[in-house]
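First the structure, in the form of structure tokens, and then the observations on it.
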Amino acid sequence: MVLKDFLSAVHDEVRDQMAADAASTGGLPQFAELAFTAVFARHMAERGITYDPQPCRYFASVDNRELRLSGYALSDDLDRLDAFVSMYSGDAEPSSIGEQDALDAAAQCGRFLEASADGTLAAHVDASHDAFPLISTIAGAWSGMSQVRIHVLTDMCAGAMFLPSIDIAGKTVAVEVVDIERVFDQQQGVELQARFRALSGFREEWMASIQADVQASGESASAMFADDAAARLTDAEEFADFQRCAFDGTLQGRGSVRVDGHAFDDADGTLALMVADFSGAADIEHLSADAARDRFEMLERFASASLDGELAADGRLAGTPVAGLASDLVRMRPGILRIRMYLVTDRLSDFGSELSGSDALSGIALERHVWDAARFHRASESVSGRDDLEVDFRVDGDGGIPALHAGSAGDDYEGYLCTIAGPVLAAIYERHGSRLLEGNVRSFLSTKGKINSAIQVTIADKPEMFFAYNNGIAATAEAVEFDPATSRIVRAVNLQIVNGGQTTASLASAWRDGLDLSKVCVQMKLSVLSPARAGELIPLIARFANSQNKVNESDFFANHPYHHRVEQLSQRVMAPAVDGGEPTRWYYERSRGQYVNEQKNLDSNGKKRFLALNPKLQLLTKIDVARYENTWKGLPHKVSYGAQKNFISFAAWLAKRWTENDSAFDELYFRNLVAMAILFRHTERLVGEQPWYEGAYRANIVTYALAVLQFTVLKSGKGRQLDLDEIWRTQRVPEALSDQIAAIGKAMLGVLTDRTRPRANVTEWAKQEACWERARAAVVPLSREVFDDLVDPIARKYAEGSGVREVGYGVFARTAVLGIRPAQWEELRQWGTANAMLDAREADLLRSATRIPKFVPSVKECERIWTIRSKLIKEGFHEPLSA
């Protein structure tokens, strides 16, 4: 807020006060001076300048002398008195008060006090006047008053004005001007203190959360900080899918290099590189410009050495994660259009925008961004979960974009019909990249490819017809600056393109290739939404705006009813007590920041009770669920793509499954989901504790180990499954199963780092389905203890009266069916036929399995084939445990 905004807010309060006073007096006209005194003195009291103020207007000429009072504050002991005299202009712009005017007002108030103190004024004032009680009180208590002050209150600016004291009836009365600037500055100070307290509280909780992650994972605090900061930047839509790759070393001829991870956004060709600065100190420390510059320089040396091929060729680093990343950067270089470097820190930066701005590195545009504790706090406090994105439409001297107001719906919605010039739209996209694209549109665009050939032809051959041929774009914003004089929108806050991502990206690509966009004009429907409802309305607008295009329902899965169902289950289903404690919840965070927001208005005891019932270590997010489910369904290569792309894959499957049978997502589903979470988090810590673990690829090892575990059980468990219900009841992983996971994890590290792998970068190799095929071939036989603990799902189904199958069973059944050799299926078919246990349909299904891989059964057929197999095993068919 600036001074002009505060002045406007005060004037609004004065008008409201006058309206309220008029209503209480039957509509009689009110004095603006009196209302101003009530409002302004209240602001003064809030800032400790005065106490318990009372508006009271007196203005008269007594014995040819003008006396004046606008209000007062009198202590209960009658030993302190503040007298107010107001000078109210009501000017919309801040103006200056003349010194003589202030002196005259103070003198008038001084004469009021003097006439009251010597008893002469009481004889001139009717007892019914509002000021009479104060006049009488001053007359009787003046001698005992130890402090008397005169305050000249004004909505104007006094600067450094100093007014001398006044001698009144034997007392020296101090006089001071309390102007709009003083109250505003003190408000800023109070707000600054409040913001710092809020920031300190945020950071304290942040550090506690990181320590909890350290305890849960067994990794270092600095590594957990890097992961946490990257997750926050992903939530803030600064990153696409982040991959941690920590390296801190020295390169000959270059000096120190440092990197903590990267993300590549194929929607706009942006490579994000992150370097972390973690103090972990109890109090907030400051990060100097020199220290920040050193971090950026180390990151720039890393990027330069990687893009030039030097780092990948360094034999000393062969086989390490950083060498794999460097090789990938060489491969990706033709598609990298922009490099964004991020310095993340738990300190406070004290150098403003000194290190920001654009540059170039190895011929590629370079940006630097500092995310300190304050910026992370702002993002967490934001309704959108992001740092505000401000888009200025005044490109190359243009005065903004022409816009026609198209109606509103109260405070929630305002509509504009706009036209935006091709060069302006392209320049804005070049500046802000895919942050302009609403999340679902970004995902769709990156999946389908960003260049539309028809759009390119129109730009090249008929640019003046672009408006006629193209459907235009639909966008949302949380606020706009509209110039009524020119009917143009100058600026927009948190602009999001919800339809027309291909149009936008294609224009930017054409501009980059040197095509002339000067004749291109694009129509835009702009919806301005209140921040409070933006999160709710943007997905709906995106859904309907894209209804004419072939966009899957899964692209809008962020607001799917599945999340409401799981949230309700998480609030209702209590996890069993552990080690004599109390039952707890596994809290499902349906919307971003929900877990933290629920605690904001709680006192310390309330927050303690909330955390006891909803422990931080039992927080589930959408990204977590997608990771667990896709692991369990046998898609570790999808999980390895990163949080966002994995979520898209999960959403596509689950949107279809929900449509088929949403009743499957019941309490049993939720308990099994929690059991998967327990398994996953246990495995994360377990891997970190193993002697063979060298600090890299943990995320890939974990998802592959659990996917192979489930595959092995389905393949070798003779129709039986892991007892997820037992994990739910005990809230822990059995020791025998833990040992089995550790053994599988070691085998998975071997698959991931195998020297014969076709991709040098392990994290890229982990994304390939070929990697998953090799992992399935490296099965570690189930131990006898784990095999004996498996449960028969059919027997349990009938025992519990439930017909719900494990989520993902069909996909895993297909995986399991494809993993068994045709000769084994033929053996099973012959045994079933010889024992008269197969009908014609069942025999045909088993015969189809013998033709794999020339013929691949559908998922439904695989489910039936697996069911037949389980039935025959139950009836006596035997095969080796390791089959």
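For this structure, a couple of remarks:
- As computed over region 1-133, the Cα convex hull volume per residue (Å³): 137 Å³
- Accessible surface computed residue by residue for region 220-338, with neighbouring protein chains in place and a 1.4 Å probe, gives 37 Å² per residue.
- Here K607 is the anchor, and the lysines within straight C-alpha reach of less than 20 Å, apart from those fewer than 8 places off in the same chain, are K616.
- Near the amide H of C521, within less than 5 Å, lie the amide hydrogens of G422, F466, F467, all on another chain or at least 5 residues away, with H placed in the peptide plane.
- Length gained when the stretch S518-F162 is fully extended (0.36 nm per residue, less Cα-Cα span): 122.2 nm
- Portion, in percent, of the accessible area of the chain that falls on carbon or sulfur, probe 1.4 Å: 50 percent
- What the phi angles of region 323-338 give under the Karplus curve with 6.51, -1.76 and 1.60, with θ = phi - 60°, is a coupling list of 5, x, 4, 4, 5, 5, 5, 4, 5, 7, 3, x, x, 8, 9, 7 Hz, glycine and proline written as x.
- Once backbone amide H atoms are built at 1.01 Å from N, A365 has I339 as its partners under 5 Å, excluding neighbours fewer than 5 places away on the same chain.
- Qualifying trypsin sites (Lys or Arg not before Pro) in region 475-520, where qualification requires a DSSP coil assignment and no more than 11 other C-beta atoms within 10 Å, are lacking entirely.
- Rg over Rh [alpha-carbon atoms, Kirkwood Rh] for region 652-717: 1.09
- Applying the Karplus relation 6.51 cos²θ - 1.76 cosθ + 1.60 with θ = phi - 60° to region 683-694 yields 3J(HN,Hα) values of 5, 4, 6, 4, 4, x, 8, 6, x, 7, 7, 10 Hz, where x marks Gly and Pro.
- The helix-only estimate of mean residue ellipticity at 222 nm for the chain, built from DSSP H runs of length n ≥ 4 each weighted as -39500 (n - 2.57), is -15000 deg cm²/dmol after division by the residue total.
- Among 738-744, 397-403, the order from most to least packed when residues are scored by Cβ within 10 Å on average: 738-744, 397-403
- Relative contact order (%) - region 256-300, alpha-carbon pairs under 8 angstrom, separation at least six: 46 percent
- Between V214 and S408, the simple label model (points 7 Å from Cα in the Cβ direction) yields a spacing of 5.1 nm.
- For region 66-78, backbone phi angles converted through the Karplus equation (6.51, -1.76, 1.60; θ = phi - 60°) give residue-by-residue couplings of 7, 10, 8, 8, 10, x, 7, 9, 10, 6, 4, 8, 6 Hz, Gly and Pro being listed as x.
- Of the GluC sites (Glu not before Pro) in region 647-718, those whose Cβ has at most 12 other Cβ within 10 Å and which sit in DSSP loop: E694
- Euclidean distance of C-alpha centroids, region 831-863 and region 90-114, integer Å: 98 Å
- Once mean projected area of the Cα convex hull in nm² is calculated for the structure shown, the corresponding label among [x] 55.9; [y] 36.2; [z] 48.7 turns out to be [z].
- Helix 422-432 vs. the chain, principal-axis angle (Cα, 0 to 90°, nearest 10): 80 degrees
- Centre separation in Å (Cα based) which lies between region 294-320 and region 641-692: 36 Å
- Rh (Kirkwood; distinct C-alpha pairs) - region 476-528, Å: 12.9 Å
The values are calculated or read from the model by the stated rules, or taken from the named source; none is laboratory data. Note that the structure is a prediction, hence the values are computed from the model and not measured. Using ideal geometry, Cβ is built from the backbone for each residue, glycine included, and neighbour counts are taken over all protein chains shown. Side chains are part of the model used for accessible areas, which takes the heavy atoms of the whole protein and leaves out ligands, DNA and RNA. Shrake-Rupley method; radii C 1.70, N 1.55, O 1.52, S 1.80 Å.
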